[in-house]
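Asks: Just dropping this structure here.
Only the coordinates and a few stated rules stand behind these numbers; no lab work does. As the structure is a computational prediction, the values presented were derived from the model and not from experiment. We place every Cβ from the backbone using ideal geometry, glycine too, and count neighbours over all the protein chains shown.
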Amino acid sequence: MIRRNPWVGLRIPSLFASDEAWRAGHRAAVLPLVCSAAVNIVLAVLALTVLPPTPRSVLLWVALIVLLAGTIIGAIVGARAANGIPVA
């Protein structure tokens, strides 16, 4: 696991409260981030290999929205998990 740092990871103040909050927040955010990335990969492969150009651009926009939604949901879940950790 990556330790608390200013460059890599979710950039949410509650995750910077402690090392425990950093770990708990990122551990909680893994599922939504991985699920949206997996859906995104499937959509991108379909768009780049199967579909003609017009639906392809729509599908790529949907893939972008899915990726952003997964990131936002992961950030919310991670912040909630980090807020549940008492600050020493």
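Asks: Can you tell me the orientation of helix 53-83 relative to the chain, as the angle in degrees between its alpha-carbon axis and the longest Cα principal axis, to the nearest 10?
Replies: That works out to roughly 10 degrees.
Asks: At 222 nm, what helix-only mean residue ellipticity would the chain give, in deg cm²/dmol to the nearest 500, using -39500 (n - 2.57) for each DSSP H run of four or more? List each step's numbers first, then the result.
Replies: Numbers: 2 runs with 62 residues, N = 88.
The per-residue figure over the chain is -25500 deg cm²/dmol.
Asks: Assigning unit charges at the beta carbon (Lys, Arg +1; Asp, Glu -1) and nothing else, what dipole magnitude in debye, to the nearest 20, does the chain show about its Cα centre?
Replies: Details: 7 positive and 2 negative charges, 16 e Å.
Roughly 80 debye for the chain.
Asks: Return the FRET efficiency for the residue pair Asn5, Val45: r is the Cβ-Cβ distance, R0 is 30 Å, and the value is rounded to the nearest 0.05.
Replies: With R0 = 30 Å, the Cβ-Cβ based efficiency is 0.40.
Asks: Write out the chymotrypsin sites (Phe, Trp or Tyr not before Pro) in the range 1-33 meeting two conditions: DSSP loop, and at most 16 other Cβ atoms within 10 Å of their Cβ. List each step's numbers first, then the result.
Replies: Values: sites: Trp7, Phe16, Trp22; in loops: Trp7.
Counting only loop positions with at most 16 other Cβ atoms within 10 Å, the chymotrypsin sites (Phe, Trp or Tyr not before Pro) in the range 1-33 are Trp7.
Asks: Convex hull volume of the Cα atoms in the chain, per residue, in Å³?
Replies: Numbers: hull volume 7.5 nm³, N = 88.
Cα convex hull per residue, to the nearest whole number: 85 Å³.
Asks: Additional query: Stretch Ile72-Ser57 to full length: gain in nm at 0.36 nm per residue minus the Cα-Cα span?
Replies: Values: separation 15, 0.36 × 15 = 5.40 nm, distance 2.27 nm.
Here the segment from Ile72 to Ser57 would lengthen by 3.1 nm.
Asks: Counting pairs of alpha carbon atoms under 8 Å apart in space and at least six apart in sequence, what relative contact order in percent does the chain give? List each step's numbers first, then the result.
Replies: Working: 94 pairs, mean separation 38.4, N = 88.
Computed over the chain, the figure is 44 percent.
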